[in-house]
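J.: Before anything else, here's the structure in question.
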Amino acid sequence: MTPPYCAVCGKDFRGEYFHTGNGGELIRFADYLPLLEGSVGMPAGAAWFCRSHVDAARSLCALIQKDALDSLRQLFGQFSPPIPGPMRDPELWVIVAGANLGAVARLVRSASGWTPAQAHERIKAGPFLLISGWPSELARWEALLREAGATTEIRYP
């Protein structure tokens with residue numbers, strides 16, 4: 001099966017799909033033909049769509065794939081094809097440090113290894129990427145930061 005790249009915009013949502021099963025969906029169109037048992041590849045009449053385009057694609061699933069993709073490209077425009085590369089790890093972003101800057105700065109330094117000046121500079125600058133890694137690792141830091149009053153977000157690049 002081909003990796004989860006959106007058939008409309010080319011968005012790579014492999015990381016999120018791998019880690020959480022989210023980020024998009026495989027849509028089967030009227031001309032869908034499942035693979036024979038033991039076969040590998042992408043089934044005919046099926047395509048991946050990111051969360052931004054999956055509802056529109058789902059509404060066209062009664063069409064054959066080519067007609068549905070033509071309609072979606074007319075609706076959303078033509079995008080550049082995806083550039084394959086290695087799957088990137090999820091990222092933990094600090095959106096707002098909150099009122100307890102000292103506690104958040106200590107956690108930021110512990111997670112990142114930055115100096116106090118580097119941590120304070122990033123906190124003052126606004127939303128910043130703190131670390132990337134496996135979701136279980138990020139969840140631990142996210143919980144600690146939220147407990148300290150920070151607003152955080154796990155992003156899947």
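Values quoted throughout were computed directly from the atomic coordinates according to the rules given, and no laboratory measurement underlies them. Keep in mind that this is a model prediction, so the values were computed, not measured. FYI the Cβ positions are ideal-geometry reconstructions off the backbone, even for glycines, and counts take in every protein chain you see.
J.: Please compute the alpha carbon radius of gyration of the range 91-155, then divide it by the globular-protein estimate 2.2 N^0.38 Å. Two decimals is fine.
T.: Cα-based Rg divided by the globular estimate yields 0.95.
J.: Under a point spin-label approximation (7 Å from Cα along Cα-to-Cβ), what is the HIS120-ASP70 distance to one decimal in nm?
T.: Rounded to a tenth, the inter-label distance reads 6.3 nm.
J.: Also, quick follow-up: Helix 135-147 versus the longest principal axis of the chain: what angle, 0 to 90°, nearest 10, using Cα atoms?
T.: Helix 135-147 and the main axis of the chain meet at about 50 degrees.
J.: Give me the number: length gained by fully extending PHE128 to ASN22, i.e. 0.36 nm times residue separation minus the C-alpha to C-alpha distance, one decimal in nm.
T.: Value of the extension gain: 35.8 nm.
J.: I'd like to compare 79-89, 62-72, 118-128: which one has the highest average count of other Cβ atoms within 10 Å, and what's the full order after that?
T.: 62-72, 118-128, 79-89
J.: On a 0 to 90° scale, report how tilted helix 116-125 is relative to the longest principal axis of the chain, with both axes built from alpha carbons and the result rounded to the nearest 10.
T.: 50
J.: Sort TRP141, TRP93, TRP48 so that the residue with the fewest other Cβ atoms within 10 Å of its own Cβ comes first and the one with the most comes last.
T.: If I rank by nearby Cβ atoms, fewest first, I get TRP93, TRP141, TRP48.
J.: What FRET efficiency, computed as 1/(1 + (r/R0)^6) with R0 = 30 Å and r the Cβ-Cβ distance, is obtained for CYS61 and MET87, rounded to the nearest 0.05?
T.: 0.65
J.: Viscosity 1.002 mPa s, temperature 20 °C: what is the translational diffusion coefficient of the range 14-76 from Stokes-Einstein with a Kirkwood Rh over Cα pairs, rounded to a whole number of µm²/s?
T.: Reported coefficient: 173 µm²/s.
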